[in-house]
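Notes follow once the structure below has been shown.
The values are calculated or read from the model by the stated rules, or taken from the named source; none is laboratory data. Source: prediction; values computed, not measured. Backbone-built Cβ (ideal geometry, glycine too); neighbour counts: all protein chains shown.
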Amino acid sequence: MLVIAYLLGSIPSGVWIGKIFYKMDIREFGSGNTGTTNTFRVLGKKAGFIVLLMDMLKGTLAACQPYLFDVHINVLLIGCAAVIGHVFPIFARFRGGKAVATSAGILLAYSPIFFIVAWIIFLTSLYLSSMVSVASMVGMTLITLLSFCFHDPFLTIIALILTIFVFYRHKGNLKRIRNGNENLVHFGLVYARKKKKQKQKK
């Protein structure tokens, strides 16, 4: 199951969608990342949403294996192999994404309620900050804290490990946030304030 999960996670959704339908390798554009955010940036909304769903589904399918094979093992443990595959994909020269969407997919298999809460946190943070990186890190952090508050020790441990991993993968974003030049999505309060300032200068 761990091997299958890793191979599922290794499917480079952004790379395949870009090459098959857009004749582009997204690793050569934008941030060079193969994940959802760079797909949105390079290929547009349609491709971005497709890659988002595929990356989440990888985590969900991988984590659901214990249910499918009727094996008594925590789905989060198996799902983590998909995260490793997503970040270090064997099908894309071990150069992958930042693990956020696939981690969300694992959460869907483990607890749909926590999955919905995670999305509410993510979208709220995205609206307030206009930065996917901030929304991702805040979402992972709060899910870890919530799992601790609800006395789910296994989820707390796995979520904490994934949160540390996500922060590490976003180290470049953290530097840009400190320098005030992190990429903004065309959505949310910070983006609206920036556009307003630009209009005032004109």
* Of Gly85, Gly59, Gly97, Gly30, which residue is surrounded by fewer than 21 Cβ atoms within 10 Å (Cβ to Cβ) and either of a type outside the set (S, T, N, Q) or touching a Ser or Thr at 6+ places or on another chain (Cβ under 7 Å) (or both)? -> Gly30
* To do: Could you please let me know if Leu57 is in contact (Cβ under 8 Å) with a residue 12 or more places away in the chain, assigned to a helix (DSSP H, G or I) and assigned by TED's automatic domain parsing to the domain that holds Thr163?
  => no
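Given the criterion in contact (Cβ under 8 Å) with a residue 24 or more places away in the chain, farther than 25 Å from Gly14 by Cα, buried (at least 19 other Cβ atoms within 10 Å of the Cβ) and under 17 Å from the mean Cα position of the chain (by Cα), identify the matching residue among Ile106, Ile158. If you could, list the steps in order and put the result at the bottom.
Working: Ile106 fails: farther than 25 Å from Gly14 by Cα.
Matching residue, one of Ile106, Ile158: Ile158.
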* Being more than 15 Å from the chain's Cα centre (by Cα) and polar (S, T, N, Q) is the filter here, so list the residues in the range 62-102 that pass it. => Gln65, Asn74
* Structure fact -> Every listed condition ((1) within 30 Å of Leu189 (Cβ to Cβ); (2) in the same structural domain as Thr34 (by TED's automatic domain parsing); (3) crowded, with 23+ Cβ neighbours inside 10 Å) holds for Gly139 save (2)
* Asked: Only one of these conditions is not met by Ile121: (1) within 23 Å of Phe49 (Cβ to Cβ); (2) β-branched (Val, Ile, Thr); (3) touching a residue at least 40 places away in the same chain (Cβ under 8 Å). Which number is it?
  -> (3)
